[in-house]
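Have a look at the structure below, then the notes.
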Amino acid sequence: MGSNFEELTSQYEALWENDAPMEQIVEFCRQHLDEERTLWDILRNSAKWRSMVFMPSFLRHLRDDDDTLLRELALYLRNKCGSNYYEFFMIVSRILSMKNILSDKVRAAFWTVLTNVGWPYSGLVWEGCEDMVLVDNKGIRSAILKRKKKGYDLIPQGIFFMDDKRFISLSEKMLQALQLDSPSMFEMALTLTGKKISAGLIRAILCASASNILIHLMKQRSKLLANILSPLDLLISICVNVSKNEAAVKVLDALEELFPGISKSTDKLGNTPLWYCLYKRRTDAPLVQALLRYGCNPDQRNHLNLSWRICAQIEGV
């Protein structure tokens, strides 16, 4: 088996070294797609030429029906770079920036890989990544920007790195209130502990899918909530953080009642709420369907010149 891969690697390298037509190189890669990751092994063994498959000259020659090859290349890139985030973001950023050179499909495929990537912040936050939607401590946000690791500047705007394990410390009564999704118990726990409503607490509510508590805050503590999150940021946070679709749709209905047309909004990057559903939800998820019913535009292009529909069609890459 080893010698076979060495022979295939030699054939692959010879194509590049002899300046073979790009169609021939792409066809070679197509022929070695199988369940045993043959193409992965060929690329892994070719130290000099393995990254050439991420160059525009190669990617431009992919056909519309090259979904399998595109999927393998996108996943191989993530696997190849490992913890070398600088190389990973450098390649993906270059691909995403080629709006007039590479097809939407190719760029969308590599964007989807980003949704499963974490980013280490050099101990500025513990055991993981910072959620740039909900940040309690402004000092942490500033420190992240000032003491950024190499390659931070290459992260495309609008990418959110989530760490569901990072919760603030909550009392037993508060945890019980969130678990039971009881507004009355929540208010009692606030009174007993003297805890203030903060971004971290709202994030805990979102991650607990406590829709009744969240709707209670939206209606009874609207000014306080607005000081932490704008209505659109709240909707984005729901799309990203609330795992239970039934709870997410319930909160969306309440938001639309309070802010009619909120689902049609876009953020400063041109992203609709649907865009943020791509991180954790299937395209047929109830929340996705609810946003579409409320008029969220699936074809709205953002700063990357990509839309929800374009990326949804590449789902699974």
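No value in this document is a laboratory result; all are computed from the given coordinates. Computed from a predicted structure; not experimentally measured. All Cβ positions, even for glycine, are placed from backbone atoms using ideal geometry, and neighbour counts span all protein chains on display.
Here are the numbers for this structure:
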| item | result |
| --- | --- |
| Förster radius 51 Å - calculated FRET efficiency between residue 18 and residue 280, Cβ distance, rounded to 0.05 | 0.65 |
| Rg/Rg_globular for segment 2-114, with Rg_globular taken as 2.2 N^0.38 Å and Rg from C-alpha atoms | 1.01 |
| Relative contact order of segment 231-317, defined on C-alpha pairs under 8 angstrom at six or more residues apart (%) | 29 percent |
| Burial ordering of 27, 13, 72, fewest other beta-carbon atoms within 10 Å first | 27, 13, 72 |
| Net charge contributed by nearby residues that have their C-beta within less than 11 Å of residue 190 (K/R +1, D/E -1) | +3 |
| Pair-distance profile P(r), taking every C-alpha pair of segment 167-229, with 5 angstrom steps and integer % | 4, 20, 34, 30, 12, 1 |
| Charge dipole (debye, nearest 20) of segment 194-317; +1 at Cβ of Lys and Arg, -1 at Cβ of Asp and Glu | 400 debye |
| Extension gain (nm, one decimal) between residue 226 and residue 101, 0.36 nm per residue minus Cα-Cα | 40.8 nm |
| Charge dipole of segment 2-114 about the Cα centre (unit charges at C-beta), most positive-ward option of 96, 25, 81 | 96 |
